[in-house]
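Notes follow the structure.
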Amino acid sequence: MKYAAVTGAGSGIGRACALALASAGWSVALLGRRENALQETAAQAGEAAARCLPIACDVGQEEQVAAAFARIETSFGRLDLLFNNAGIGLPGQTPDEVSGADWRRIVDANLNGSFYCLSQAFRIMRHQQPRGGRIINNGSISAYAPRPGSIGYTATKHAISGLTRAAALDGRAFDIAVGQIDIGNAASEMTERMAAGILQADGSVRAEARMDLACVAEAFMTMASLPLSANMLFVNVMATKMPFVGRG
């Protein structure tokens with residue numbers, strides 16, 4: 001049996017990847033702020049629901065993260081995989097329009113939360129026997145190709161790339177493989193506005209292509225299924241026809 005934790009497991013990418021893990025035989029801790037959404041994810045796992053452990057947790061709160069991972073350690077006995085997926089966006093705004101409160105909110109959710117979870121996973125993985133495990137951070141193609149009005153999201157996702165590189169280096173000594181999946185336009189609640197029409201770099205508003213969440217889950221499972229002797233450091237999975245490659 002292998003044991004995983006998925007943050008933001010109550011919807012979208014987190015739910016799709018958590019269900020893929022459960023379907024493949026993993027026991028999965030489902031972390032998220034909404035207890036009812038986590039229960040819905042577990043229910044969708046069907047016969048695998050008994051292997052799902054819903055834990056209400058705001059990843060931006062260090063004490064809640066520590067308590068959640070203590071419960072994982074007690075319930076599972078070990079942790080083989082963390083999917084650091086939880087994150088939020090802000091409405092499209094220029095830098096002068098972003099309040100300090102909103103800036104701190106997105107940094108807490110996207111960056112601090114990822115660090116808190118990664119730190120707890122590291123603590124468990126380096127001391128368990130057999131030693132080691134895998135951590136996959138959810139980055140974004142926005143880290144290196146930002147959208148207009150996305151300074152908070154872009155800055156935090158760019159920081160996730162640094163988190164991934166540093167943790168991958170630090171994990172070598174403890175058999176901890178750290179990688180990142182950068183996702184472009186997966187069909188979820190977060191990208192509905194892209195299908196309807198979204199502001200482009202040239203000032204136009206155009207609808208963008210999206211891909212099924214199953215495509216993300218398949219790429220994620222490829223990363224998750226590797227032996228610890230191999231690592232996919234950065235993976236980009238995106239809707240083929242979205243306006244990413246090119247001059248905007």
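Nothing in this text is a laboratory measurement; each read-out follows from the coordinates by a stated rule. Here the structure is a predicted model, which means the values were calculated and not measured. Neighbour counts run over all protein chains shown; Cβ positions are idealised from the backbone, glycine included.
Helix 113-127 and the longest principal axis of the C-alpha atoms of the chain enclose an angle of approximately 30°. Candidates C57, A70, Q180 compared by Cα position along the dipole of the chain: farthest toward the positive end lies Q180, with charges placed on Cβ. Only Lys, Arg, Asp and Glu carry charge here, each on its Cβ (+1 for the first two, -1 for the last two); on that basis the range 129-221 has a dipole of about 240 debye about its Cα centre. GNM remark for the chain: springs join alpha carbons under 10 Å apart, and the peak mean-square fluctuation among V235, V205, V107 falls on V205.
Going by how many other Cβ atoms sit within 10 Å of their own, how do V245, V65 line up, fewest first? The partial results should precede the final answer.
Numbers: V245 8, V65 23.
By the 10 Å Cβ count, ascending, the order reads V245, V65.
In debye, nearest 20: dipole of the range 81-240 around its Cα centre with unit charges on the Cβ of K, R (+) and D, E (-)?
Details: 13 positive and 13 negative charges, 112 e Å.
Charge dipole, the range 81-240, about its Cα centre: 540 debye, nearest 20.
Rounded to the nearest 0.05, what FRET efficiency do A230 and M1 have when you use their Cβ-Cβ distance and R0 = 22 Å?
Values: r = 21 Å, r/R0 = 0.97.
The value I calculate is 0.55.
Residues T222, T94, T164, arranged from fewest to most other Cβ atoms within 10 angstrom of their Cβ, appear as T94, T222, T164.
Just need the relative contact order of the range 3-238 here, percent rounded to a whole number, with Cα pairs under 8 Å and 6+ apart.
Numbers: 465 pairs, mean separation 43.0, N = 236.
Once normalised by length, the contact order is 18 percent.
Counting every other Cβ atom within 10 Å of each residue's Cβ, I13, I55 order from fewest to most as I55, I13. If the chain linking R123 and A70 were pulled fully straight, counting 0.36 nm for each residue of separation and taking away their Cα-Cα distance, it would gain 18.0 nm.
Computed extension gain for D175 through S23, at 0.36 nm per residue and net of the alpha carbon distance, reaches 52.2 nm. Averaging Cα coordinates gives a centre for the range 164-185 and one for the range 112-131; these two points are 12 Å apart.
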